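The values are calculated or read from the model by the stated rules, or taken from the named source; none is laboratory data. Only a predicted model underlies this, so the values are computations on that prediction, with no experimental measurement involved. All Cβ positions, even for glycine, are placed from backbone atoms using ideal geometry, and neighbour counts span all protein chains on display.
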Amino acid sequence: MTGTMTGDGRRARLEARGVTVRFGGLAALSDASVDVRAGEVVGLIGPNGAGKTTLFDVICGLRAPDAGSVVLEGADITGRSVHRRARLGIARTFQKLEVFGNLSAVDNVRVAVEMRRRWDRSPMRPLAEAAAVLERVGIAAVAGEAVAGLPTGTARLVELARALATNPRVLLLDEPSSGLDDSETSEVAGLVRSLCDDGLAVLLVEHDMSFVMDICERIFVLDFGRIIAEGSPQDVRVDPAVQAAYLGTEAAPMNGHRQAP
């Protein structure tokens with residue numbers, strides 16, 4: 001089974017279709033739909049509280065939607081558990097850093113490799129595999145250091161490496177540039193592009209609009225739980241609805257300036 005055909009003739013690898021999530025009487029998401037294709041970076045942006053992380057929670061299985069569905073490669077996975085979705089190829093990083101602080105960087109990644117061995121029967125040496133992933137994200141030099149003692153930006157790269165160690169088909173990145181300096185942010189952008197060149201589908205939430213505009217092929221904009229715009233970075237930048245959503249403290253990102261989360 002294959003995904004829905006998008007407007008340019010390419011099939012979606014991952015789709016969230018008409019997702020609604022309510023917290024009591026509040027609709028955190030209302031009929032929100034996004035999609036991402038193999039080899040593509042898609043941005044999900046919006047003011048604080050717009051529902052971006054909630055949508056990520058629905059996609060990876062941490063929260064069940066009140067309505068709508070999640071579809072991977074054309075198959076409805078809405079009822080699947082977090083662990084089953086990981087086996088199917090969905091990996092995620094978090095806005096609030098999630099690492100094992102007392103473990104070394106390489107052991108953090110090895111945990112993910114060992115989990116992957118439960119469903120991936122291909123021959124692998126977990127320690128060597130973990131070291132190779134750290135090399136790919138550019139932090140092999142800190143492999144033996146406890147993550148608790150690493151700078152926040154480096155620890156965030158450990159979390160990214162751990163997500164990649166599961167060999168995902170879809171990668172959800174929640175604030176990947178948070179805590180990184182300009183040089184590190186540029187390196188992460190290059191890494192994400194290279195991952196997409198290898199066929200990975202990436203959906204990212206990010207407040208750094210220069211990062212988003214530079215790296216994303218398409219962007220979805222959430223405001224008060226609804227998708228108010230979708231299109232190329234150029235189209236989204238000049239969309240009146242997007243400009244209105246970002247008025248006040250969020251106005252700066254639409255002009256391409258760096259904005260802290």
Query raised in the report: In the range 160-181, how many are within 19 Å of Gly43 (Cβ to Cβ) and in a helix (DSSP H, G or I)?
Result: 2
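Residue-by-condition table, conditions (1) more than 22 Å from Val236 (Cα to Cα); (2) in the same structural domain as Gly61 (by TED's automatic domain parsing); (3) in contact with a Leu (Cβ under 7 Å, 6 or more places away or on another chain):
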position: Asp174; (1), (2), (3): no, yes, no
position: Leu180; (1), (2), (3): yes, yes, no
position: Ser183; (1), (2), (3): yes, yes, no
position: Val188; (1), (2), (3): yes, yes, yes
position: Leu191; (1), (2), (3): yes, yes, no
position: Ser194; (1), (2), (3): yes, yes, no
Requested in this report: Answer yes or no as to whether Arg116 is in a helix (DSSP H, G or I), at pLDDT below 95 and farther than 25 Å from Ser178 by Cα.
Outcome: yes
Query raised in the report: Which of the residues spanning the range 190-226 are more than 26 Å from Leu164 (Cβ to Cβ) and surrounded by fewer than 22 Cβ atoms within 10 Å (Cβ to Cβ)?
Result: Asp223, Phe224, Arg226
Report summary line: Exactly one of Arg10, Arg37, Arg63 is at pLDDT below 95, in the same structural domain as Ser232 (by TED's automatic domain parsing) and surrounded by fewer than 23 Cβ atoms within 10 Å (Cβ to Cβ), and that one is Arg10
Query raised in the report: Which of (1) within 13 Å of the chain's Cα centre (by Cα); (2) closer than 11 Å to Gly225 by Cα does Phe56 not meet, given it meets every other one?
Result: (2)
Report summary line: Among Leu127, Leu97, the single one that is surrounded by fewer than 20 Cβ atoms within 10 Å (Cβ to Cβ), in a loop (DSSP other than H, G, I, E, B) and among the aliphatic types (A, V, I, L, M) is Leu97
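Each row is one residue, and each column tells you yes or no for (1) under 26 Å from Arg87 (Cα atoms); (2) touching a Cys at 6+ places or on another chain (Cβ under 9 Å).
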| position | (1), (2) |
| --- | --- |
| Pro126 | yes, no |
| Arg156 | yes, no |
| Ser183 | no, no |
| Leu191 | yes, no |
| Glu206 | yes, yes |
Requested in this report: Would you please list the contacts, defined by Cβ atoms under 6 Å and residues six or more apart or on different chains, that run from a residue in the range 66-85 that is outside any strand (DSSP E or B) to a residue that is surrounded by fewer than 13 Cβ atoms within 10 Å (Cβ to Cβ)?
Outcome: Gly74/Met1; Gly74/Thr2
